[in-house]
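Report on one structure; see the data block that follows.
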Amino acid sequence: MALTTKSLNARHHAFSAPEFQLKVLQQGLVQDNKFVSFQDNLATHALYPLKPAGASILQVNLGKMCNQTCKHCHVDAGPDRKEIMTRETMELCLRALAHAPQIQIVDLTGGAPEMNPDFRWFVEELSKLGRQIMVRCNLTIIVANKKYHDLPEFFKKHQVQVVSSLPYFAASRTDAQRGDGVFEKSIAALKLLNEAGYGKKDTGLKLDLVYNPSGAFLPSGQAALEAEFKRRLGNGYGIEFNNLFCITNLPISRYLDYLVESGNYDSYMHKLVSAFNPEAAANVMCRNTISVSWDGYLFDCDFNQMLDLAVASTIKHIRDFNTTTLNEREIVLNQHCYGCTAGAGSSCGGETVK
Amino acid sequence: MEQTYYNPADLNKFGNITELQPEMGKKFFDYYGEVFKEGALTAREKSLIALAVAHAVQCPYCIDAYSTDCLEKGADETQMMEAVHVAAAIKGGAALVHGVQMMNKIKELTM
């Protein structure tokens, strides 16, 4: 099936509304097939309410604009999305970080964060603050337009850690998820990153890949998959990288739409719920991360952000950022959270159970 | 009684076999878990073997389970189909090699 290039939002699709997504997640598609609530499951393992362990990562969503329209995208990003973080909001993020030395990692995401016109300015300012910067780069942006060709050198200059999605080491499953021709362009971009020293031994320039399944199945065995990716990408294309992060697709937005359309929703939820792992639940990323939306609002994670589930705190916006108050909050949970607690767990850094 | 012998929902109930004989059931599942762990063979290689055997024994539950498992472990479609061909080759070969027995018998009975 060919991928549409329009977001759910542009198509006025029912799943573009967070409240409709939450209704399906809570009530199920079939009346008698509801799944045990995530909160109840946590309570059974003495993990409810879920409390922060202290924020050490600020994940900043620079906007929903993207040059791709991936089938599984939880942001519903695409070329037709115009929501973009302004420099004023970025300044508020910088001010918040200056007062929060415990937050050492800034994780930049989108959309394609590089498409934000103030992206480079923001990276330069973050670099001056001495924070470790991660960018979630979709790879194809590097080769999409001449003005992005120097991104590897720019990343290198600021010692940015590059984290890039590549759902498979072949075109078949990569293009099925991310669009025709994406695999070939991703390989070209990876070669440019390697040429700049990324993913190479002893350069200190980290290039990590993200694997999320192209279909209604879970990732399994991060270490084994990493070895296979290294073998296939190394032998086939001469590409090197550091780590592979396995991320479970969460049943929201475009991936939820895919599950429902393909008739896989119930069986996928069943898999997630049956694979609930209390150890993974104790290590979920929302315990050490604060997510900032393009317009400066705060969330427990990027997924809650897309579902409009704001932080349960008096501090709602980056302009009022205060880690002491935020660390006292309870993390907002819903059925999609099963995606982070299945099997070996899932986070923006891959498995959470070692 | 179901109207068909196989029901996809029964796959998720496999663990229930311990209800009627807990001790043997537990021993089986412990053994099963041990067999599929990463060892001299990788977990992916074992999953591909299981997929081939599933086709050889024509078990629809196993084909369902190990098609999914192979995908989860990163096997590609070509590897999965080659595994099925291995099963087919052995099953076909097993039939054909008996042709030698047939030829022996023909020799024995004919002038």
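Note on segment A:214-236: residues that are within 7 Å of another protein chain (Cβ to nearest Cβ) and part of a helix (DSSP H, G or I) amount to 3. A count restricted to segment A:169-190 and to residues that are of a type outside the set (Val, Ile, Thr) and surrounded by 16 or more Cβ atoms within 10 Å (Cβ to Cβ) stands at 12. No other residue among A:TYR237, A:TYR265, A:TYR255 is crowded, with 21+ Cβ neighbours inside 10 Å and in contact with a Lys or Arg (Cβ under 8 Å, 6 or more places away or on another chain) apart from A:TYR255. Of all the residues in segment B:58-95, those that are more than 30 Å from A:ARG232 (Cα to Cα) and exposed (fewer than 11 other Cβ atoms within 10 Å of the Cβ) number 4. The residues in segment A:122-159 that are of a type in the set (Val, Ile, Thr), more than 17 Å from the chain's Cα centre (by Cα) and either closer than 23 Å to A:THR69 by Cα or crowded, with 23+ Cβ neighbours inside 10 Å (or both) can be counted, and the count is 2. Criterion applied to B:MET103, B:MET24 was being touching a Ser or Thr at 6+ places or on another chain (Cβ under 9 Å), over 30 Å from A:GLU226 (Cα atoms) and aliphatic (A, V, I, L, M), and the one residue passing it is B:MET24. The residue of segment B:43-57 that is surrounded by the most Cβ atoms within 10 Å (Cβ to Cβ), among those that are touching a residue at least 12 places away in the same chain (Cβ under 8 Å) and either touching a Lys or Arg at 6+ places or on another chain (Cβ under 9 Å) or acidic (Asp, Glu) (or both), is B:SER47.
A:GLN27 is checked against (1) touching a residue at least 40 places away in the same chain (Cβ under 8 Å); (2) in contact with a Lys or Arg (Cβ under 8 Å, 6 or more places away or on another chain) and fails just one. What number does that condition carry? Tallying (1) touching a residue at least 40 places away in the same chain (Cβ under 8 Å); (2) in contact with a Lys or Arg (Cβ under 8 Å, 6 or more places away or on another chain), A:GLN27 fails exactly one: (1). The residues in segment B:56-111 that are among the small types (Gly, Ala, Ser), within 14 Å of another protein chain (Cβ to nearest Cβ) and on the phi < 0 side of the Ramachandran plot can be counted, and the count is 3.
Test A:ASP80 against the stated conditions and say whether it is more than 18 Å from A:TYR255 (Cβ to Cβ) and assigned to a loop (DSSP other than H, G, I, E, B). Criteria met by A:ASP80.
With respect to the conditions (1) assigned to a loop (DSSP other than H, G, I, E, B); (2) within 21 Å of A:ASP118 (Cβ to Cβ), A:CYS93 lacks only one, and its number is (1).
One residue alone among A:ALA17, A:ALA77 is small (Gly, Ala, Ser) and either within 30 Å of A:GLY130 (Cα to Cα) or in contact (Cβ under 8 Å) with a residue 12 or more places away in the chain (or both), and that residue is A:ALA77. If you check A:TYR211 against the conditions, is it touching a residue at least 40 places away in the same chain (Cβ under 8 Å), facing chain B (nearest Cβ under 9 Å) and among the hydroxyl-bearing types (Ser, Thr, Tyr)? Answer is yes for this residue.
Reported count of residues in segment A:191-217, each being crowded, with 22+ Cβ neighbours inside 10 Å and among the hydrophobic types (A, V, I, L, M, F, W, C), is 3. Checked against (1) within 21 Å of A:PHE321 (Cα to Cα); (2) out of contact with any helix residue (DSSP H, G or I) (no Cβ under 7 Å at 6 or more places or on another chain), A:GLU125 passes all but a single condition, namely (2). Against the numbered list (1) within 14 Å of chain A (Cβ to nearest Cβ); (2) surrounded by 13 or more Cβ atoms within 10 Å (Cβ to Cβ); (3) among the small types (Gly, Ala, Ser), B:ALA9 comes up short only at (2).
Only one of the listed residues (B:PHE28, B:PHE36) is within 13 Å of another protein chain (Cβ to nearest Cβ), more than 23 Å from A:SER214 (Cα to Cα) and modelled with pLDDT of 95 or more. That residue is B:PHE36.
The values are calculated or read from the model by the stated rules, or taken from the named source; none is laboratory data. If you're wondering where the values come from, they're calculated on a predicted model, not measured in any experiment. Counting neighbours? That spans all protein chains shown, and the Cβs are built from the backbone with ideal geometry, glycine included.
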